[in-house]
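Notes to accompany the following structure.
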Amino acid sequence: MARETTYVVQAFNAGKGGYLKPDSPIVCKSASGALRTAERLALSKLAVVAFSSTGDPEFGDYDDEPTVFFRKGDLPAAFD
């Protein structure tokens with residue numbers, strides 16, 4: 001069982017009814033790459049979060065709680 005860490009940046013724009021509409025997630029190669037991407041997107045997006053999750057991609061078995069290392073804006077409760 002080979003565990004690996006995935007780094008993801010998720011940005012949000014305004015959606016209908018005051019809800020946030022997620023953009024497509026961006027998978028990065030490293031935490032520093034994800035941080036740079038999140039900081040750049042934070043200049044133009046309503047909300048941005050960068051997080052990592054560790055697990056076994058072969059079995060789809062990932063940690064229950066991602067590790068959030070960047071947040072900006074009023075994010076959905078899932079990122080609290």
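Every read-out reported here was derived from the displayed coordinates using simple, explicitly stated rules and does not represent laboratory data. Since the structure is predicted, the reported quantities are computational estimates derived from the model, not experimental observations. Counting neighbours? That spans all protein chains shown, and the Cβs are built from the backbone with ideal geometry, glycine included.
Could you list, in sequence order, the residues of the stretch 19-34 that are touching a residue at least 12 places away in the same chain (Cβ under 8 Å), loosely packed, with under 13 Cβ neighbours inside 10 Å and either in contact with a His (Cβ under 9 Å, 6 or more places away or on another chain) or among the small types (Gly, Ala, Ser) (or both)? Result: 30, single match.
Inside the stretch 7-18, residues that are more than 14 Å from residue 72 (Cβ to Cβ) and either free of Cβ contacts under 8 Å to residues at least 12 places away in the same chain or surrounded by 14 or more Cβ atoms within 10 Å (Cβ to Cβ) (or both) make up a count of 6. When the stretch 41-52 is filtered for residues that are within 18 Å of residue 77 (Cβ to Cβ) and part of a strand (DSSP E or B), the ones remaining, listed by number, are 47, 48, 49, 50, 51. For the stretch 54-67, residues that are surrounded by 12 or more Cβ atoms within 10 Å (Cβ to Cβ) and in a strand (DSSP E or B) total 5. Exactly one residue out of 51, 70 is touching an Asp or Glu at 6+ places or on another chain (Cβ under 8 Å), in contact (Cβ under 8 Å) with a residue 12 or more places away in the chain and either surrounded by 13 or more Cβ atoms within 10 Å (Cβ to Cβ) or among the acidic types (Asp, Glu) (or both): that is 70. None of 38, 78 is among the hydrophobic types (A, V, I, L, M, F, W, C) and either assigned to a strand (DSSP E or B) or exposed (fewer than 13 other Cβ atoms within 10 Å of the Cβ) (or both) except 78.
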